[in-house]
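Down below is the structure, laid out as structure tokens.
A short reminder: the numbers here are calculations on the coordinates, not readings from a lab. Since the structure is predicted, the reported quantities are computational estimates derived from the model, not experimental observations. No Cβ is skipped: glycine too gets one built from the backbone with ideal geometry, and neighbour counts run over all protein chains shown.
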Amino acid sequence: MEKVIVTGGAGFIGSHLCNRLKDEYEVYSIDNYFTGSKNNHIDGVNYTDASAADISKHFNFSPKYIYHLGEYSRVEQSFEDIKKVWEYNRQGIVSVLEFARETSAKIIYAGSSTKFGDKGLGKNQSPYAWSKASNSELVVNYGNWFNLQYAITYFYNVYGDREIREGKYATLIASFAEKMKNNKKLTVVKPGHQLRNFTHIDDIINALVLIGEKGLGDDFGIGSDESYSVIEIAKLYGGEIEFLQERKGNRMSADVLTKKTKSLGWRPEKNINDYINKMKLNNWE
């Protein structure tokens with residue numbers, strides 16, 4: 001079987017991707033477990049507890065694909081975590097790109113849709129957004145400089161099973177469910193009408209696999225066509241809402257770029273409203 005490496009393979013998105021790939025490829029995960037969890041391990045996947053920056057120290061084979069998902073991925077917290085952003089994102093990308101170049105692997109890079117936020121201003125609104133935007137530029141340059149095969153994807157507010165539900169790295173959809181389960185108020189950062197395109201993990205994985213096989217180049221957006229404001233999402237849950245003060249880096253909108261992904265035959269199939277209703281029926285599990 002051909003080999004595939006998934007950085008961040010014990011994380012939310014990475015674990016779902018490993019699960020999808022394991023029947024067709026020999027799958028290897030490298031994850032530093034900053035937000036990943038051993039509870040996300042998938043039978044049949046080979047796990048390495050290490051930083052993506054040390055990828056060449058742990059693998060001595062030539063994979064067909066490297067899915068580089070294992071980077072720091074929180075906007076507002078990145079101001080206080082800027083050293084982690086630099087270590088996980090800026091140091092990691094160079095090592096992964098060099099490993100891909102040396103092994104002639106195709107890299108599928110998880111960029112960030114924040115760079116499309118607020119008509120292009122979003123890429124400089126937080127350390128996280130800047131690091132991801134500049135990393136995407138570096139991937140493109142490696143493709144031009146060294147004829148590296150690559151595809152850059154952009155996720156839009158992924159939700160689904162295995163999201164982080166508690167703590168400062170919790171995601172919106174999962175944290176709201178946890179609050180509802182425990183009869184707590186839903187906290188919404190002001191002004192509340194910032195728009196998001198929530199995309200189910202199954203749709204994300206379908207696109208990632210397709211882009212790995214067929215996609216080349218930049219701008220492979222993976223996002224739902226429907227946008228909701230944060231306050232609209234909170235109202236779908238039906239709980240009491242508490243507003244928090246505005247925070248740096250919190251973009252108001254982002255253009256959803258999915259044209260290239262759809263040209264490969266992908267379409268989003270799941271809806272956030274249906275997902276929230278299903279959680280209601282399952283007591284917010």
Radius of gyration and Dmax for region 151-235's Cα atoms, expressed in Å? 14.8, 47
Which of these, Gln149, Gln245, Gln77, has the largest mean-square fluctuation under a Gaussian network model of the chain (Cα springs below 10 Å)? Gln245
Per 0.36 nm of contour for each residue apart, how much would the distance between Leu244 and Trp145 grow if the chain were fully extended, relative to their Cα-Cα spacing? 31.1 nm
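Find, among the GluC sites (Glu not before Pro) in region 1-61, those assigned to loop by DSSP (not H, G, I, E, B) with at most 12 other beta-carbon atoms within 10 angstrom. Numbers along the way, then the final one.
Numbers: sites: Glu2, Glu24, Glu26; in loops: Glu2, Glu24.
Taking region 1-61 and a limit of 12 other Cβ atoms within 10 Å, the loop GluC sites (Glu not before Pro) found are Glu2, Glu24.
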Quick one: which of 160-170, 191-201, 274-284 comes out on top by average Cβ neighbours within 10 Å, and what's the full order, highest first? 191-201, 160-170, 274-284
Taking R0 as 35 Å and r as the Cβ-Cβ distance between Asp161 and Lys214, the FRET efficiency 1/(1 + (r/R0)^6), rounded to the nearest 0.05, comes to 0.85
Where labels lie 7 Å past Cα in the beta-carbon direction, separation of Leu281 and Leu195 in nm: 3.0
Only Lys, Arg (+1) and Asp, Glu (-1) charged, at Cβ; the chain dipole about Cα centre in debye: 540
Calculate one ³J(HN,Hα) per residue across region 183-190 by plugging θ = phi - 60° into the Karplus curve 6.51 cos²θ - 1.76 cosθ + 1.60, and present them in order as whole Hz with x for glycine and proline. 6, 10, 5, 8, 8, 10, 6, 4
To the nearest µm²/s, what D does Stokes-Einstein give for region 57-100 at 20 °C and 1.002 mPa s, using the Kirkwood radius over alpha carbon pairs as Rh? 182
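Compare the peptides 28-37, 136-145 by average per-residue count of other Cβ atoms within 10 angstrom and give them in order, highest first.
Ranked by mean Cβ neighbours within 10 Å, highest first: 28-37, 136-145.
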Going toward the positive end of the dipole of region 1-156, with +1 on Lys and Arg Cβ and -1 on Asp and Glu Cβ, which of Val140, Phe99, Ala53 do you reach last? Val140
Quick check for me: using +1 on Lys/Arg Cβ and -1 on Asp/Glu Cβ, what's the dipole size of region 144-239 about its Cα centre, in debye to the nearest 20? 700
With a Förster radius of 25 Å, plug the Cβ-Cβ distance of Tyr33 and Phe79 into 1/(1 + (r/R0)^6) and report the FRET value to the nearest 0.05. 0.65
Span-like helices, the chain: DSSP H, alpha-carbon axial extent 24 Å or more, mean Kyte-Doolittle -1.0 or greater, which ones? 127-146
Pulled fully out, how much extra length does the chain show between Glu137 and Asp23, if you take 0.36 nm times their separation in residues and subtract their Cα-Cα distance? 37.8 nm
Rounded to the nearest 5, what % of DSSP beta bridges with both residues in the chain are antiparallel? 10
Can you give the net charge of the other residues whose Cβ lies under 9 Å from the Cβ of Ala52, counting K and R as +1 and D and E as -1? -3
Near the amide H of Asp218, under 5 Å away, which other amide H atoms are found, from residues 5 or more places off or on another chain, if H is placed in the peptide plane? Ile152
What ratio of Cα Rg to 2.2 N^0.38 Å holds for the chain? 0.97
Run the dipole for region 1-148 about the Cα centre, Lys and Arg Cβ at +1, Asp and Glu Cβ at -1, nothing else charged, and hand back the magnitude in debye, nearest 20. 320
Stretched fully, the stretch from Lys168 through His58 gains (0.36 nm per residue minus C-alpha distance, one decimal, in nm) 36.5 nm
